[in-house]
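Computed from the coordinates by the stated procedures, all read-outs in this text should not be read as laboratory data. These numbers come from a predicted model, not from an experiment. Because the Cβ atoms are built from the backbone with ideal geometry, glycine has one as well, and the counts that use them run over all protein chains shown.
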């Protein structure tokens, strides 16, 4: 399974720099980079809630699922 993080898309739509988002959400720019680059293994609901509040969006605007080859084998 591949979960794709689309924070960059929302940042571009809002014309908001990464540093501003990190500050408003209350996380470090390094941790935001880990999340937005798809290297995070988990995200706290409180962080997801803050991201949605700051960006004015829904969780589905930030996260999407794309099946990979392993998922096709499971069906």
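Miscellaneous remarks
- Axis angle, to the nearest 10 degrees, between helix 45-55 and the longest C-alpha principal axis of the chain: 60 degrees.
- Residue 12-residue 53 FRET efficiency (beta carbon distance; Förster radius 22 Å; 0.05 resolution): 0.75
- Three-way shape call for the stretch 2-63 based on the alpha-carbon gyration tensor, with the a/c threshold at 1.5: rounded
- Mean residue ellipticity at 222 nm, helices only, the chain: -15500 deg cm²/dmol; runs of at least 4 DSSP H residues each add -39,500 (n - 2.57), and the sum is divided by the number of residues.
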